[in-house]
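Here the structure comes first, spelled out in structure tokens, and everything after it is commentary.
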Amino acid sequence: MSTDGTIHARGIRKSFGPKTVLKDINLDIASGEICCIIGPSGSGKSTVLRCINGLETVDSGVLKVNGENFGYYETDTAYHALSPKKLAEQRTKVGMVFQQFNLFPNMTAQENIMAGPVLVKGADKKESAKRAHELLASVGLSGFGDYYPAQLSGGQQQRVAIARSLAMDPEIMLFDEPTSALDPEKVGEVLMVMQDLAKKGMTMVVVTHEMGFAREVADSLIFMDDGYVVERGDAREVLRNPKEPRTQAFLEKVI
Amino acid sequence: MQQITIERSEPMSGKDSALKPRLKRRSTFEYVAWVVCSLIGIGILISVSTNPNFKWDVVAKYITHETIVRGLMLTIFLTFASMALGTLLGLGLAIMRGSSIKPIAATAGAYITIFRGTPVLVQLIFWFNVSALYPNLTIGIPFTDIGTAVDMNALMAPITAALVGLTLNEAAYMAEIIRGGFSSVGKGQIEAADSLGMSGAMKMRKVIIPQAMPSIIPATGNQVIGMFKGTSLVSVLGVAELLQSAQLIYARTYETIPLLIVASLWYLVMTLLLSYPQSKLEQKYSRATSRLPRKAKKVVLTDPEGIAR
Ligand SMILES: Nc1ncnc2c1ncn2[C@@H]1O[C@H](COP(=O)(O)OP(=O)(O)O)[C@@H](O)[C@H]1O
Ligand SMILES: [Mg+2]
């Protein structure tokens, strides 16, 4: 078993039709590392995250998640796609939090959180319900278990969505602009939950425009532009002292 | 309380300007329309009630006649049986249509095209006469001797042919309705399910179908009403449903119009009875909160927002 929370990418390319979105992506994220990805819109940040949990497949390059080739097994001559079952199993070890929350509107907060363990892993319902309570408490929403997503504010929904991903006990958590769809006053509560999570030693990759979060919480920072990783390094170092002109220009605009 | 002073624009008027009712404007056309439509309505009513050829006494005599009631029962049975089977088959077709495996999606596509593209009446007559194509239907395991042959002519009795024809045709329409419902479920929902590692069947059962229901159910209600009237087509196969029952009687008594009125009244009553739950369903699912299951509405928001840490 190599469920180790690392992400390793070499020369990843990905095109949508004629458009090459990821041109040469190289990443090394260690177990327990908090990595922020920043960059202008359309630079391919979401696509990188979506490749890491298999919502998109890469065209070429090496992609190892949790130490395993993701979505494929390697032979001497080629990568062969895994069966849907194996792919699903790999995905359960990678949690994804979406910009639009994507909670299931037909399920209560608690049912959303229990969906993964009960429906996918076949876990015991009682145990999962207990776990769901704990998770709700950990995101500051004890007592909200019976609420449907439509009855919750954006910030609350996003916290339930984080709890839903955590319920699968993933090694890695991916966040795609988790606070971009929120009202400004709700951003803090979600960032606080993420900050708590960061202390617990889980690998986190966070696409964000919250430079404050990147500065205070992240270990490493990646700046992407036009399908390339332009600059990467220690988060505070890059933010304070960007080396690449494109990073400098971007940071000047957002800070 | 703040004192409000009301300015009177016309000192002559007796009423307080702020309290005067605001009247709707009625055009001359509206008055004319009332008069013309009332006259036409009264005219038709007088004609219908005084023309002896309508033979309302015959209508009254046959409206609850045993043959008619039996025909009505068969019509109801055909409606619900073919709707139920058609919906099941339609669900299967809708799932096939959305398959990423090309031949499966294409097969469902071809089925839908053929069954929606040809008249039901033709389809019904076709199934009734299918024994001309396949006189003996052999059910068994290919390349072995195991199996039995069934005489197609006996199998495709009128009622069977009617049920098969209506079901297969309805399935094509239901498939399109269900597929439309599926496509109303956001891409984000499917991605969320995928990222939890849900299998295709699980995703369908727990995420897609429950969320597609609000758009599928009202449309299905409409289909039931349509099907109720559509069953009259199977009278051509000699199935003694409502219309055929009426025809059987007037073939004997030559009281054609009164018996057609009997059948029509039943169709109208049943359609109205079905329209009520249908409009309730439509209301329920067209509201903005419709995405909430009913028990959700009981939950009262009490706690304030924020993190209780
Ligand atoms: N499914 C898709 N089909 C076609 N083009 C896509 C798809 N997903 C993303 N793209 C394109 O890829 C580019 C990068 O998208 P994305 O990764 O979402 O950027 P970011 O998250 O940095 O804003 C954009 O130009 C976008 O239009
Ligand atoms: Mg994005």
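The values are calculated or read from the model by the stated rules, or taken from the named source; none is laboratory data. Fair warning: this is a prediction, and the values are worked out from it, not measured in the lab. Neighbour counts run over all protein chains shown; Cβ positions are idealised from the backbone, glycine included. Heads up: the accessible areas ignore ligands, DNA and RNA and are worked out on the full protein's heavy atoms, side chains in. Shrake-Rupley method; radii C 1.70, N 1.55, O 1.52, S 1.80 Å.
Worth pointing out:
- Contact residues in the stretch A:90-131 (at least 20 Å² less accessible area with all protein chains than alone, 1.4 Å probe): A:R91, A:F98, A:N102, A:F104, A:P105, A:N106, A:M107, A:L119, A:V120.
- Interface residues of the stretch B:176-208, defined as those with an accessible-area decrease of at least 40 Å² between the chain by itself and the complete set of protein chains (probe 1.4 Å), are B:Q189, B:E191, B:A192, B:D194, B:S195, B:L196, B:G197, B:M198, B:M202, B:K206.
- Annotation: amide H of B:T118 has no partner in the under-5 Å range at sequence separation 5 or more or interchain, hydrogens built in the peptide plane.
- Buried accessible area, chains B and A (both chains, 1.4 Å probe, Å² to nearest 100): 2900
- Average accessible area per residue (Å²) across the protein assembly as shown - probe 1.4 Å, nucleic acids and ligands excluded: 54
- Per-residue accessible area (protein heavy atoms, 1.4 Å probe) orders A:T179, B:T138 as B:T138, A:T179, starting from the largest.
- Relative contact order of chain B, pairs being alpha-carbon contacts under 8 Å that are 6 or more residues apart, as %: 22
- Estimated D of the stretch B:1-151 in µm² per second, where Rh is the Kirkwood radius over Cα pairs and Stokes-Einstein applies at 4 °C, 1.567 mPa s: 52
- Of the listed residues A:K126, A:K14, A:K19, B:K280, the order by accessible area with a 1.4 Å probe, largest first, is A:K126, A:K19, B:K280, A:K14.
- Sequence of A:S220, A:S180 when ordered by accessible area, the most exposed leading, probe 1.4 angstrom: A:S180, A:S220
- For the stretch A:1-66: relative contact order, % (alpha-carbon pairs under 8 angstrom, 6 or more apart): 46
- Proportion of all alpha-carbon pairs of the stretch B:136-275 beyond 22 Å (%): 62
- Lysines whose Cα lies under 28 Å from that of B:K55, excluding same-chain neighbours fewer than 8 positions away: B:K229
- Solvent-accessible surface (1.4 angstrom probe) belonging to B:S17, in square angstrom, nearest 10: 40
- For the residue pairs A:K23/A:K121; A:K85/B:K102; A:K86/A:K243; A:K64/A:K186; B:K61/B:K284, alpha carbon separations beyond 30 Å are given by A:K23/A:K121; A:K86/A:K243; A:K64/A:K186; B:K61/B:K284.
- Measuring gaps between exposed loop sites in chain B (chymotrypsin sites (Phe, Trp or Tyr not before Pro); DSSP loop; at most 12 other Cβ atoms within 10 Å), the longest gap, sites not included, is B:1-142.
- For A:V238, solvent-accessible area (1.4 Å; no DNA, RNA or ligand), Å²: 10
- Here's how it looks for A:I37: its modeled amide H is under 5 Å from those of A:V206, A:V207, A:T208, A:I222, which are all 5 or more places away or on a different chain.
- The stretch A:113-255 - Rg and Dmax from Cα coordinates, angstrom: 17.4, 55
- B:D57 accessible area, 1.4 Å probe, all protein chains in place, Å² to nearest 10: 110
- Aspartates and glutamates whose Cα lies under 18 Å from that of B:K187, excluding same-chain neighbours fewer than 8 positions away: A:E56, A:D176, A:E177
- Surface composition of chain A: carbon plus sulfur atoms hold 49% of the accessible area, using a 1.4 angstrom probe and ignoring ligands, DNA and RNA.
- Shape parameters for the protein assembly as shown, alpha-carbon atoms, Rg then Dmax in Å: 33.3, 105
- Length-normalised contact order for chain A - Cα pairs under 8 Å, 6+ apart - percent: 26
- Listed by chain and number, the lysines whose alpha-carbon sits under 17 Å from that of A:K125, ignoring those within fewer than 8 places in the same chain, are B:K206.
- When every Cα-Cα distance of chain B is counted in 20 angstrom steps from zero, the calculated P(r) takes the values 21, 39, 28, 11, 1, 0 percent.
- Computed over the stretch A:69-149, the ratio Rg/Rh where both radii use C-alpha atoms and Rh is Kirkwood: 1.11
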